[in-house]
Amino acid sequence: MKKTLPALLLLWLLYCLPLLASASSAQTPGLNGQWKGPLKVPGGQLTLIITVVPLSNGTYYAALDAPQQRISRMPAEVTLKGTDITISIEQAGSKFVGKVKDGGSTFQGTWSQPGLTAPLTLTRMKPTQAPVAAGKPRLTPPYREEEVKFVNTKADLALAGTLTIPAGPGPFPAVVLLSDNGPQNRDVEQQDYRMFGALADHLTRRGIAVLRFDDRGVGKSQGNHFTATTADLVSDAQAAMVYLRAKPLIDQRYIGLVGHGEGGNVALLAAAEQQPATPAFVVSLSGYGVPGRDVIMHQQMEIMRLIGSNPAQVKAALELHKEMVEIIRQTPNDNQARGKVAATLRFNNTDLDPHMARARAVQLTSPWSRYFLDFDPTRSLPAVKCPVLLLGGSNDLQVDPAQNIPPLKKGLKNADVTSQKLAGVNHWYQPEMKDWPLVNGEQQPAFSPKALTVVREWIFEHTEQPKPLPTSETKPASTTPKPAGKAAKSAQASR
């Protein structure tokens, strides 16, 4: 009897290991961007968004978003043969088969999933930041902004990013932003939402310099994201801090790290080390507090719940998950592990192509995957001495704050720790959709104002802010001296 596990095949790839998209030599040019379209379902329609991003090693990062189902960056596989395109989303048991038309501006074909087959047309979305028309200069933000490159000498690669520095003479406290797993650009861009772009803009306008950069192998940064482990990424964070220390407008006493998801763990690992750079403070936005294999299992169970899996499917998926983990952990030889993993995948889904099973096995035994399965985020926490802010969102389906914050807080026994669960905030630090702002009559995703306030005020409490530039609205300074940190905090927070 043929075995299938619809929607449950690639158990820990969700949010963790993006699938590589295969392309033939006749690949249609220009497949770089996002395509969006309405899928008609009984009782209405769902908006589907497919993201395809070329990576420096010649492969693709591909993902599915379905905002109405709260699905974000579900790994997808793209196969191109001339103008024929297939997009497979194994986690949802779904597939799109169609044609690339109009030079890549349209994908037209059929979407199929358990219980539904329907026509679907996906249209390329316009860039979220359209080019400036001739004669219309770009609006200049009220702070300094520059494209920068810095070198990670340990890994022998250059990373590219954007440095924003507040107006005024400084020196200013500064933060480096560290992204979650998966290849991210410096803005951590999803459709109309730029998580790090929004956070950097908010902090810089209020007196905090921000450095954000493209992950390895993304955008203008060198390296290969898929071969780097969480520990490897610590050296990227350290290189960024070393770079900031050489900038004259940056207060060298107050250079901190703000990490999201895996980036939060990278920040804490950097804080546990003394060389070559140690942060003055750390902000962890949904950092992991339990071993990687447990994080992956939780994520898988959440997505299965969202797509309506029954108890039997959940049980089968968890058994397969444990089997795959044990194969990888007990088989240090990559070739042997890949053979066993590929055979297991094929045994549980006989429709899976042998070459694709092998390709997936290669990813599951990658350096990142092997490291993450055994990664204990609490092991080095006693060595952290700097102040730490631990945040989590009550609507976070990927990193449950109730599961992850307590072990982090317990491990940080030698640090000044503040922790908080933010009501209504998801993994990407967006508020509930009903609270999204209206832009041109449509709701647009935005960084949670409450989260911005918490991060900003906590940083103010742990740094000394430079005095703001005098303006027509600034009152004459009092003749009574005040502590620099608190006086500056009030001035900055009122902006």
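Brief remarks on what is shown
- Residue within the range 199-210 that is assigned to a strand (DSSP E or B) and either hydrophobic (A, V, I, L, M, F, W, C) or touching a strand residue (DSSP E or B) at 6+ places or on another chain (Cβ under 7 Å) (or both) present: yes
- Condition met for Ser88 (in contact with an Asp or Glu (Cβ under 7 Å, 6 or more places away or on another chain) and at pLDDT below 75): no
- On inspection, Pro279 qualifies as assigned by TED's automatic domain parsing to the domain that holds Leu389, under 27 Å from Gln398 (Cα atoms) and assigned to a loop (DSSP other than H, G, I, E, B).
- Total residues in the range 180-198 satisfying the condition of being in a helix (DSSP H, G or I), of a type in the set (Gly, Ala, Ser) and touching a residue at least 40 places away in the same chain (Cβ under 8 Å): the figure is 1.
- Any hit, the range 161-176, residues being closer than 17 Å to Glu262 by Cα, buried (at least 23 other Cβ atoms within 10 Å of the Cβ) and touching a residue at least 12 places away in the same chain (Cβ under 8 Å): yes
- Which listed residue, of Thr365, Thr344, is of a type in the set (Ser, Thr, Tyr) and surrounded by fewer than 21 Cβ atoms within 10 Å (Cβ to Cβ): Thr344
- Subset of the range 257-277 [of a type outside the set (A, V, I, L, M, F, W, C) and crowded, with 24+ Cβ neighbours inside 10 Å]: Gly259, His260, Gly261, Glu262, Gly263, Gly264, Asn265
- Wholly within the range 395-495, helices (runs of 4 or more DSSP H) carrying at least 3 residues that are of a type outside the set (Asp, Glu) and at pLDDT below 80: 484-493
- Answer residue from the range 148-160, given it is in a strand (DSSP E or B) and touching a Ser or Thr at 6+ places or on another chain (Cβ under 6 Å) and is surrounded by the fewest Cβ atoms within 10 Å (Cβ to Cβ) among those: Ala160
The values are calculated or read from the model by the stated rules, or taken from the named source; none is laboratory data. Given the structure is predicted, the values throughout are model-derived calculations rather than measurements. Cβ sites come from the backbone with ideal geometry, for glycine too, and all protein chains shown count toward neighbours.
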